[in-house]
Amino acid sequence: MTHPNSLESWSARWFLRPGNVVFDIGTFHGTNAARYLGGQASAVYGFEPLARNRDLIPRTVTEHPSFHLLPYALSDRSGRQTMMVPRRNSGAASLSRSFFENIKHDDSDPGEAEEVEVRTLDSLGLPRANFWKIDVEGAELSVLKGAEQTVRHSPPDIVQLEIFAIDPDIYSATLKFLIKHFTHVWAIGVTEERRPVHYPVTPENVAKPLFHSDLSRGGTPHYYASSRRFWDWAGPARTVGIHMSGQTRVS
């Protein structure tokens with residue numbers, strides 16, 4: 001179970017609204033899908049290409065009338081691709097071989113190459129979703145490229161995604177995509193005092209070591225993009241004590 005004060009829990013409280021449609025891209029074992037359903041989402045579309053992960057999603061999620069499980073990965077093209085699955089953690093499986101090589105525990109883990117079905121989000125004809133969560137282990141840019149027409153013509157209210165700075169070019173291109181298509185892009189990390197900290201994504205902030213250490217302290221680096229500011233989303237009652245780029249915001 002995810003800790004109630006994790007970034008995933010905070011994000012659901014800040015950004016999910018009753019009646020929202022959610023794209024849970026990288027469903028894994030369904031922990032977040034359960035959270036969204038519990039937050040009264042009207043529909044949750046879960047994308048999980050690995051059968052071993054789908055089999056561990058609880059029946060309380062898979063049998064929920066508002067949950068729709070799609071057995072493929074999202075990318076920038078449709079077809080079949082090779083997914084690298086670490087020996088110890090199928091939740092870290094990635095369509096990016098270079099990402100896998102960087103995150104595997106040691107050289108004794110060659111990973112398992114598994115062919116999976118892949119689609120572009122643009123090709124699926126799904127209803128508009130208010131909230132997108134993208135957790136695809138280094139393949140975020142490919143997901144966004146395959147969803148560019150959807151972002152242009154039927155954009156979500158907010159996107160939550162993990163972006164790793166392992167490859168500087170891919171990291172920069174992912175941020176540029178978000179900045180091009182959304183008015184506000186920010187990141188949420190965790191301070192040494194275990195309190196959330198808000199950073200606007202700017203060249204100045206991205207260049208700071210503290211920015212990346214605070215994001216790493218949250219477990220994985222969480223970024224968000226929206227036409228609205230974070231503070232408009234969360235509201236004063238929900239943001240008391242949240243730090244703003246290193247300074248406490250007083251609501």
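When region 143-152 is filtered for residues that are farther than 20 Å from ARG228 by Cβ and surrounded by fewer than 20 Cβ atoms within 10 Å (Cβ to Cβ), the ones remaining, listed by number, are LYS145, GLU148, GLN149. Taken over region 104-136, the residue count meeting the criterion of being touching a residue at least 60 places away in the same chain (Cβ under 8 Å) and either surrounded by fewer than 22 Cβ atoms within 10 Å (Cβ to Cβ) or in contact with a Leu (Cβ under 8 Å, 6 or more places away or on another chain) (or both) is 15.
Within region 119-160, the only residue that satisfies the criterion of being at positive phi, at pLDDT below 95 and of a type in the set (Gly, Ala, Ser) is GLY138. Of all residues in region 33-47, none satisfies being in contact with a helix residue (DSSP H, G or I) (Cβ under 8 Å, 6 or more places away or on another chain) and either among the polar types (S, T, N, Q) or more than 25 Å from PRO156 (Cα to Cα) (or both). Among residues of region 45-71 that are touching a residue at least 40 places away in the same chain (Cβ under 8 Å), those with a beta-carbon under 9 Å from a residue that is part of a helix (DSSP H, G or I) and exposed (fewer than 13 other Cβ atoms within 10 Å of the Cβ) at least six positions away or on a different chain give the pairs PRO71/ALA51.
Results for (1) of a type in the set (Phe, Trp, Tyr); (2) at pLDDT 95 or above; (3) under 25 Å from ALA147 (Cα atoms), shown as yes or no for each residue.
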position: MET1; (1), (2), (3): no, no, no
position: PRO4; (1), (2), (3): no, no, no
position: TRP14; (1), (2), (3): yes, no, yes
position: VAL21; (1), (2), (3): no, yes, yes
position: ALA33; (1), (2), (3): no, yes, yes
position: GLY46; (1), (2), (3): no, yes, yes
position: ILE57; (1), (2), (3): no, yes, no
position: PHE67; (1), (2), (3): yes, yes, yes
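Checked against (1) surrounded by 13 or more Cβ atoms within 10 Å (Cβ to Cβ); (2) farther than 16 Å from PRO18 by Cβ, ASP55 meets all criteria but (1). Name the pairs whose Cβ atoms lie under 9 Å apart, with the first residue in region 76-97 and closer than 13 Å to LEU50 by Cβ, the second basic (Lys, Arg) and part of a loop (DSSP other than H, G, I, E, B), and 6 or more positions between them or separate chains? Note: pairs meeting the criteria are MET84/LYS104; PRO86/LYS104; ALA92/LYS104.
Meeting the requirement of 1 or more residues that are more than 21 Å from PRO86 (Cα to Cα) and charged (D, E, K, R), the helices (runs of 4 or more DSSP H) wholly within region 1-71 are 7-15, 31-38, 59-62.
The values are calculated or read from the model by the stated rules, or taken from the named source; none is laboratory data. This is a predicted model, so every value here is computed, not measured. For neighbour counting, all protein chains shown are included, and Cβ atoms are generated from backbone atoms with ideal geometry for every residue, glycine included.
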